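Just below is one structure, and these are the notes that go with it.
The values are calculated or read from the model by the stated rules, or taken from the named source; none is laboratory data. Predicted model only: the values in this text are computed from it and were never measured. With ideal geometry, Cβ positions are generated from the backbone for all residues, glycine too; neighbour counts draw on all protein chains shown. Heavy atoms of the whole protein, side chains included, go into the accessibility calculation; ligands, DNA and RNA do not. Shrake-Rupley method; radii C 1.70, N 1.55, O 1.52, S 1.80 Å.
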Amino acid sequence: MKVAVAGCCHGALDKMYETLELLQRRHNVRPDLLLCCGDFQAVRNEADLRCMAVPAKYRHMQTFYRYYSGEKKAPVLTVFIGGNHEASNHLQELPYGGWVAPNIYYLGYAGVVRFRGVRIGGISGIFKSHDYRKGHFECPPYNQQTIRSAYHVRNIEVFKLKQLKRPIDIFMSHDWPRSIYHYGNKKQLLKMKSFFRQEVESNTLGSPAASELLQHLKPTYWFSAHLHVKFAAFMQHEANSKDELPKATKFLALDKCLPHRDFLQIIDVEHDPNAGDLLEYDAEWIAILKATNSLVNVTQSSWNMPENNGLHAKWDYSVTEEAIKEVLEELNHDLKIPCNFTLTAACYDPSKPQKNMEPVHTINPQTTEFCAQFGLTDINDRIQQAKEESSGRGECEEEEEEEMDSTGSAEEPSEYNTDNSGLSSFNPDEIMLDEEGGDEDLSTCSVDPSPDHPPEFSTSFSDIRVMPDSMAVSSDDAMDSNNEELEKSGGSRQGEEKSSTERSLKRIGGDENGNSGVKKIKRRNQAIYAAEDEDKTD
């Protein structure tokens, strides 16, 4: 079957679906499935905008609300994970996954589903060490700390995914697995994005948690986004035993969704021709959720997952074939995910803007039904109970807003080595939000440009590329055909990026007297934002 893969969507659903329609008209290629690797921005209304951790100038309504309201329907089944620029209050309603609109499915904090027999897994958010060992404690209304920590990956999600034994066909993460750049054309990557050099050379670019999952799961395909550059790699895995066949992962990072960008990829994936066309639960994953339910934590306290270190009575939560069989019997062997989408918030009305709409903590009926069916803990219900108990005891509910660096120095040591000698204390993979008032009043939002008068763009077929059967890359000097185009344009684009970086540095450097008005951000993040500004004015 044909699978379309997109990078950071940034709410531009109309653009994505129009590009797919253009693909069908021009080349008679119709994808059976669309995957999006984060920054989807399922924004329903003005309150959702206030829960999205981006500078005020990026808080735009975009077009998701039209799919949420039913005005439009996604023309192809769409499955996505969360990134670091999301309406976190909306996605938080579905910690185990669920429909955010008809035909648009969110995988949850972590999840595995099946489509036509293809196993698709993913993990939402980005890695930041000082939040990694905490529970999912955040809930709206968020403060300046929790609006960020809400999208940080937690160790419990990685632990659950590491219990999987059966092969995974496709896996998605928002940030890149650390070290993956050593398995592709690193020279070309650094030519395109020279500001990655220090982190690449020190091997600190990317998520160590995602790298751990890559080594464990060994999926056939791994897709990521986040860094707004296209990059392919091929990783050959070592066999765990003499009896295990060698496995390899084809990695692809996608660019963001913008006109005239090569942001969509089409790949052919082997599937079960006898399987149905509906999205299905994965029985092994459901069994793992049941087995690990006792590990659910909704506190800020740091804690480690069970491991074989003599401190835990149980550390292996992988499931038996018998446990999987029990799940199948519970479902009467009908794994179809119910189409039980329901509206849980008012939808944006361009004729009646409500800029002062407040976000509320909502328990989604989909999650309630899912938890009741499989005997799982409703995380949001547990959070509300904890708040009520805390309030009843008269304890202060205000949460500390002090920003901590990515080494987690205020916490117990992280299980990952976060010694970034010579680097800034910022998380290498997180686009910082301090630029131009990232810490300003969260109530600031914008609904411009008006959805009734969307910005003009020309759908270019350069937005689409059909992948060959193999995107194998065997060394730093060998790359798929995509990088031939990068080679041609690398010099000019590098100059553009350098120029935009210099403009950005000058803009945030301070006033005429040399006084800095905002906290400086890393040069890589400045360049990413500067490039985005340039894209929007092209």
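Computed quantities for the displayed model
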quantity	calculated
Residue among T367, T320, T377 that is within 24 Å of K162 (Cβ to Cβ), more than 25 Å from the chain's Cα centre (by Cα) and modelled with pLDDT of 95 or more	T320
Selection from the stretch 200-227 of residues that are in a loop (DSSP other than H, G, I, E, B) and either open to solvent by 10 Å² or more (accessible area, probe 1.4 Å) or on the phi < 0 side of the Ramachandran plot (or both)	S202, N203, T204, L205, K218, P219, T220, A225, L227
In the stretch 18-65, residue farthest from G83 (Cα to Cα) [restricted to those that are at pLDDT 95 or above and of a type in the set (F, W, Y)]	Y65
Residue in the stretch 25-45 that is farthest from R116 (Cα to Cα), counting only those that are crowded, with 23+ Cβ neighbours inside 10 Å and charged (D, E, K, R)	R44
Tally of residues being hydrophobic (A, V, I, L, M, F, W, C), surrounded by fewer than 18 Cβ atoms within 10 Å (Cβ to Cβ), closer than 30 Å to A287 by Cβ and in contact (Cβ under 8 Å) with a residue 24 or more places away in the chain across the stretch 353-378	2
Residues (touching a Ser or Thr at 6+ places or on another chain (Cβ under 7 Å) and under 21 Å from H226 (Cβ atoms)) located in the stretch 13-33	L13, T19
Positions within the stretch 2-56 being among the hydrophobic types (A, V, I, L, M, F, W, C) and at positive phi, in sequence order	none
First in the stretch 4-27 and polar (S, T, N, Q), second anywhere and not in a helix (DSSP H, G or I), Cβ under 7 Å, 6 or more apart	T19/L264; T19/T459; T19/I464; Q24/R30
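Residues are listed down the side, and each one gets a yes or a no for (1) farther than 30 Å from L22 by Cα; (2) touching a residue at least 24 places away in the same chain (Cβ under 8 Å); (3) exposed (fewer than 13 other Cβ atoms within 10 Å of the Cβ):
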{"residue": "V269", "(1), (2), (3)": "no, yes, no"}
{"residue": "L278", "(1), (2), (3)": "no, yes, no"}
{"residue": "A283", "(1), (2), (3)": "yes, yes, no"}
{"residue": "S294", "(1), (2), (3)": "yes, no, yes"}
{"residue": "T320", "(1), (2), (3)": "yes, no, yes"}
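Here's the yes/no breakdown for (1) part of a loop (DSSP other than H, G, I, E, B); (2) of a type in the set (A, V, I, L, M); (3) over 13 Å from the mean Cα position of the chain (by Cα):
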residue: H85; (1), (2), (3): yes, no, no
residue: H90; (1), (2), (3): no, no, yes
residue: E138; (1), (2), (3): yes, no, yes
residue: R148; (1), (2), (3): no, no, yes
residue: I156; (1), (2), (3): no, yes, yes
residue: K160; (1), (2), (3): no, no, yes
